[in-house]
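Asker: Below you will find the structure I want to go over with you.
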Amino acid sequence: MSYFAHETVVIDLPCTIGNGTKIWHFTHIMAQCTIGDNCNIGQNVVISPDVILGDNVKVQNNVSIYSGVICENDVFLGPSMVFTNVLNPRSTVNRKNEFKTTYVHRGASIGANATIVCGIHIGEYAMIGAGAVVTKDVKPYALVVGNPARQIGWISAYGIRLHFDEQGFAACSATGDKYQLQDQYVTKLIISK
């Protein structure tokens, strides 16, 4: 076994769990899910069938990741945040054939107690504030907060708020990485040395 699972963890087979991944107390990994390398899955987490987690995904305590969720590499899921997978659930109506796919792109972070309504894309390195209710797509590098979530700014891949000049350029104060704002989208500039 190339991963660590606490003795209280329940793992239903078959599933795929990557090298170096750590799974903590009272977590349930369901069959047919895929967990990448070097992930950290906190206590009391449920990962449902067909969920895909990339490499280096951090899942904090008390998170349920339902079928239809795909998280790319380096995603952070804060404590007790919530994903949904059906738009109009009813106890008496089986809607398993209506599960919506939710994509959380590379490097995005979702804060504690946030709710992510199914069927949307959260752009790479986006930051979802604690307690936000996200009901529509979030742009790459966007900083969103509130209920319903609204964008209040831009954030670097490092997690520092970006401030753009009149020409639409910004630098991360911690790393010096350069960003450009154009047509309401941010791109990280690759500067050759």
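The values are calculated or read from the model by the stated rules, or taken from the named source; none is laboratory data. Predicted model only: the values in this text are computed from it and were never measured. Cβ placement follows ideal geometry from the backbone for every residue including glycine, while neighbour counts extend to all protein chains displayed.
Asker: Taking the conditions exactly as written (of a type in the set (Lys, Arg) and in contact with a Cys (Cβ under 6 Å, 6 or more places away or on another chain)), does Lys100 satisfy them or not? Let's see the steps before the verdict.
Answerer: Working: of a type in the set (Lys, Arg): yes; in contact with a Cys (Cβ under 6 Å, 6 or more places away or on another chain): yes.
Yes.
Asker: Of everything in segment 89-118 that's touching a Leu at 6+ places or on another chain (Cβ under 7 Å) and not in a strand (DSSP E or B), which residue is farthest from Val45 (Cα to Cα)?
Answerer: Restricting attention to segment 89-118, the residues satisfying the condition of being touching a Leu at 6+ places or on another chain (Cβ under 7 Å) are 100, 110, 118.
Subsequent filtering for residues that are not in a strand (DSSP E or B) retains 100, 118.
Numbers: Lys100: 21, Cys118: 19 Å.
The residue in question is Lys100.
Asker: Among the residues of segment 140-185, which ones are more than 19 Å from His121 (Cα to Cα) and among the aromatic types (Phe, Trp, Tyr)?
Answerer: Tyr158, Phe164, Phe169, Tyr179
Asker: Another question about this same structure. Pull out all pairs, ordered by first then second residue, where Cβ-Cβ is under 6 Å, the residues are six or more apart or on different chains, the first lies in segment 76-90 and is farther than 16 Å from His105 by Cα and without any contact (Cβ under 8 Å) to a residue 60 or more places away in the chain, and the second is buried (at least 17 other Cβ atoms within 10 Å of the Cβ) and among the β-branched types (Val, Ile, Thr).
Answerer: Within 6 Å, the pairs are Met81/Val63; Met81/Ile110; Val82/Thr115; Thr84/Val117.
Asker: Sticking with this one: Are any residues in segment 109-124 touching a strand residue (DSSP E or B) at 6+ places or on another chain (Cβ under 8 Å) and in contact (Cβ under 8 Å) with a residue 40 or more places away in the chain, and if so, which ones?
Answerer: Selection gives Ser109, Cys118.
Asker: Among the residues of segment 150-159, is there at least one that is more than 12 Å from the chain's Cα centre (by Cα), in a loop (DSSP other than H, G, I, E, B), closer than 19 Å to Asn62 by Cα and of a type in the set (S, T, N, Q)? Give the derivation first.
Answerer: Applying the first criterion (more than 12 Å from the chain's Cα centre (by Cα)) to segment 150-159 yields 150-159.
With the extra rule that they be in a loop (DSSP other than H, G, I, E, B), the set shrinks to 156-159.
Imposing the further condition that a residue be closer than 19 Å to Asn62 by Cα reduces the set to none.
The answer is no; no qualifying residue exists.
Asker: Tell me, yes or no, whether segment 108-125 has at least one residue that is at pLDDT below 95 and hydroxyl-bearing (Ser, Thr, Tyr). Talk me through it step by step, then tell me what you get.
Answerer: As a first pass, look at segment 108-125 and keep what is at pLDDT below 95: none.
Within segment 108-125 (the criterion being at pLDDT below 95 and hydroxyl-bearing (Ser, Thr, Tyr)), the answer is no, since none of the residues qualifies.
Asker: Separate question: When you scan segment 37-67, how many residues do you find that are of a type in the set (Gly, Ala, Ser) and either crowded, with 22+ Cβ neighbours inside 10 Å or not in a loop (DSSP other than H, G, I, E, B) (or both)? Write out each step before concluding.
Answerer: Start the filter on segment 37-67 by keeping residues that are of a type in the set (Gly, Ala, Ser), which leaves 42, 48, 54, 64, 67.
Imposing the further condition that a residue be either crowded, with 22+ Cβ neighbours inside 10 Å or not in a loop (DSSP other than H, G, I, E, B) (or both) reduces the set to 64.
Counting residues in segment 37-67 that are of a type in the set (Gly, Ala, Ser) and either crowded, with 22+ Cβ neighbours inside 10 Å or not in a loop (DSSP other than H, G, I, E, B) (or both) gives 1.
Asker: Filtering segment 119-133 down to residues that are among the β-branched types (Val, Ile, Thr) and part of a strand (DSSP E or B), which residue is nearest to Val186 (Cα to Cα)?
Answerer: Of segment 119-133, the ones among the β-branched types (Val, Ile, Thr) are 120, 122, 128, 133.
Remaining after also requiring part of a strand (DSSP E or B): 122, 128, 133.
Details: Ile122: 14, Ile128: 16, Val133: 22 Å.
The qualifying residue nearest to Val186 (Cα to Cα) is Ile122.
Asker: Could you tell me which of the residues Gln180, Gln167 is part of a strand (DSSP E or B), free of Cβ contacts under 8 Å to residues at least 24 places away in the same chain and not β-branched (Val, Ile, Thr)? Outline the logic, then answer.
Answerer: On the way: Gln167 fails: part of a strand (DSSP E or B).
After ruling out the rest, the residue left standing is Gln180.
Asker: What residue, among those in segment 87-121 that are among the aliphatic types (A, V, I, L, M) and surrounded by 20 or more Cβ atoms within 10 Å (Cβ to Cβ), is farthest from Lys139 (Cα to Cα)?
Answerer: The extreme case among them is Ala114.
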